[in-house]
1. Can you pull out the residues in segment A:476-518 that are part of a helix (DSSP H, G or I) and among the polar types (S, T, N, Q)?
2. For A:Ala486, state whether it is within 26 Å of A:Ala323 (Cα to Cα), loosely packed, with under 14 Cβ neighbours inside 10 Å and under 25 Å from the mean Cα position of the chain (by Cα).
3. For residues that are outside any helix (DSSP H, G or I) and in contact with a strand residue (DSSP E or B) (Cβ under 9 Å, 6 or more places away or on another chain), tally how many sit in segment A:188-232.
4. In segment A:198-208, which residue that is of a type in the set (A, V, I, L, M) and without any contact (Cβ under 8 Å) to a residue 40 or more places away in the chain is surrounded by the fewest Cβ atoms within 10 Å (Cβ to Cβ)?
5. Would you call B:Val41 in contact (Cβ under 8 Å) with a residue 24 or more places away in the chain, under 22 Å from A:Leu166 (Cα atoms) and either facing chain A (nearest Cβ under 9 Å) or assigned to a helix (DSSP H, G or I) (or both)?
6. Could you check segment B:71-92 and list, in sequence order, the residues that are acidic (Asp, Glu) and within 9 Å of chain A (Cβ to nearest Cβ)?
7. Being out of contact with any His (no Cβ under 8 Å at 6 or more places or on another chain), among the small types (Gly, Ala, Ser) and open to solvent by less than 20 Å² (accessible area, probe 1.4 Å) is the requirement here; does B:Ala40 meet it?
Amino acid sequence: MSTAQSLPALAADFPAPQIAYSALSPMVAVFGAALIGVLVEAFAPRRARAGLQLAVALLGLLGGLLAVGLLAGTREVTAVGAVAVDGPALFVQGTVLALGVAAMLLLAERSLESGGGAIVAQAATVPGSADERALVGTDHLQTEVFPLAMLAIGGMLLFPASNDLLLMFVALEVLSLPLYLMCGLARRRRLLSQEAAVKYFLLGAFSSAFFLYGLALLYGYAGTVSLPGIAAATQVTASNDGLLYTGLGLLTVGLLFKISAVPFHSWTPDVYQGAPTPVTALMATGTKVAAFGALLRVYYVAFGAIRWDWRPLLWVIAIATMAVGALLAITQRDVKRMLAYSSVAHAGFILTGVVAATRAGLAGSLFYLLAYGFTTLAAFGILTLVRDADGEATDLSSWAGLGRRSPMVAGAFAILLLALAGIPLTSGFTGKFAVFSAAADAGAAGLVVVAVVCSAIAAFFYVRVIVLMFFNEPAADGPTVAIPGAFTSAALALGVAVTVVLGVFPSPLLKLADQAALFIR
Amino acid sequence: MSPAYYLYLSAILFTVGAAGFLLRRNAVVVFMCVELMLNAVNLTLVTFARINGTLDGQIIAFFVMVVAAAEVVVGLAIIVTIFRTRQSASVDDVNLLKY
């Protein structure tokens, strides 16, 4: 550092960064809509807010989706090497945006509760207080949830596209912080909801500290935090392996927390159960898809050269995740909690695609993420419909005989459960086949055997719910199935349609995933 | 003085923070332990910036501070909300969701 230089000379040393805004347009659209949402919150009259917020959010998401479509085929590193816009990033961004549209529709549904949707009228009121009772039956709504959701979705778009660890950390926080708040905004059962927010926040902050320490050690190892820079260092440097492996391990803790892999899964059932169901739908799909996108980029781009070192670790984690998720889901008496453990098990199944460390593994993981995302989102959407006097009736026993009373909703839920179980002619089967065959080709046959056994165990609890719904007598005081409003119907129709179409006719999307499956290095 | 001592110190601070996170019961103190972990990371980053002779580590430390500040805003909001509901900030009292 020479301090003798004059200011103009310094300015010449630091040229303005080149930022290709066209390549960043999906993120610009979503973050722009989020900021407009904040302004709407500040200036629009209360009555107009909910409608305006939804319109702004949907415009932003659809604009982002359009931008992703226009960018298809782009391979570009921009913003001084910090953002990589390539096939996997765009595929994950498109998936997150489409899931975001559906989740936003679920959030905006207000016909299911008198006065408002799943979101609290005024989050600052103490549960059970006179202030809260005064708001019952009014059409108040904490409309801040829409800009918060948009900021979270924006972070989810940036996370898989980050080409350096610092940006990845910032994106991780941008997607997490709004979600912590959104978890605490349920209209019913607010104690559970606030508890979910506290647990998610404390554990999330803890895990991101590990991610950050991993980043610092890798910076010490490679002298840079850019993923290609770390990859180059792993190929030339033979010393300081301790820093590399400790850093990689700590970084992995932060990423595995976000995809809720065992042993970092314990927050998942609590938070998924306590959060408002539309928010759970967004967390279980968008966050997981984005975090897998980031995990794939870290492992394939930065640590591709040392894959023989991390593959055994991910083997063990994949097996533990599948087994624990599937076995604990069997013991659950609550449908929402069961779906949470099912999402843990699915994280394990997708990890088998990551372990493959080949192009086919990447393509299979991308396809699986999209298929899993739509199926899970629609499954959580159906949970919002089955209600009793206390709100959503998620107790498993109260779902008995639901197929006799509302065959449409129970039939749709059965299709989604069969897809999650991986039965042929649904998207779940195609996705499982894609990741398992990729893992087997890459020499992980043992892992595939375990994965198939775990799929069979998982099929048991999915089928149990179907049997319960169709072959049991309905309870006399059982829950009723609400008529879904237009928004929920649209989201559910999208989820079920994608599930069926990708099962019957998967080849166009498989081909697209295969074309997309090449990271820019 | 060798810069490696700062790395040892930051590792110790990080461990103290992690241990405090697992052992303390008050949500605010638990959260302070996370902040201690983040500051330990900052010390690591600055030390590596010195060892490597690049500025990146010092710049990253600024980003970490900004993110930590944002996290405080969200975290204290959540902790205050649950304190108002339960008149307690103990993490042992948030036990309705389990199994």
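1. Hits for segment A:476-518 are A:Thr488, A:Ser489, A:Thr499, A:Ser507, A:Gln515.
2. Numbers: within 26 Å of A:Ala323 (Cα to Cα): no; loosely packed, with under 14 Cβ neighbours inside 10 Å: yes; under 25 Å from the mean Cα position of the chain (by Cα): yes.
No: the conditions fail for A:Ala486.
3. So the count comes out to 5.
4. For segment A:198-208, the residue satisfying everything is A:Leu202.
5. In short, yes.
6. In the first step, residues of segment B:71-92 are kept if they are acidic (Asp, Glu); the result is B:71, B:92.
Across segment B:71-92, the qualifying residue is only B:Glu71.
7. The answer is yes for B:Ala40.
Let's see how each residue does on (1) of a type in the set (D, E, K, R); (2) over 15 Å from the mean Cα position of the chain (by Cα):
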{"residue": "A:Leu366", "(1), (2)": "no, no"}
{"residue": "A:Leu369", "(1), (2)": "no, no"}
{"residue": "A:Tyr372", "(1), (2)": "no, no"}
{"residue": "A:Glu392", "(1), (2)": "yes, yes"}
{"residue": "A:Gly401", "(1), (2)": "no, yes"}
{"residue": "A:Pro407", "(1), (2)": "no, yes"}
{"residue": "A:Ala414", "(1), (2)": "no, yes"}
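The values are calculated or read from the model by the stated rules, or taken from the named source; none is laboratory data. Here the structure is a predicted model, which means the values were calculated and not measured. So basically every Cβ, Gly included, is an ideal-geometry build from the backbone, and we count neighbours across all protein chains shown. All accessible areas refer to the heavy atoms of the entire protein, side chains included, with ligands and DNA or RNA removed. Shrake-Rupley method; radii C 1.70, N 1.55, O 1.52, S 1.80 Å.
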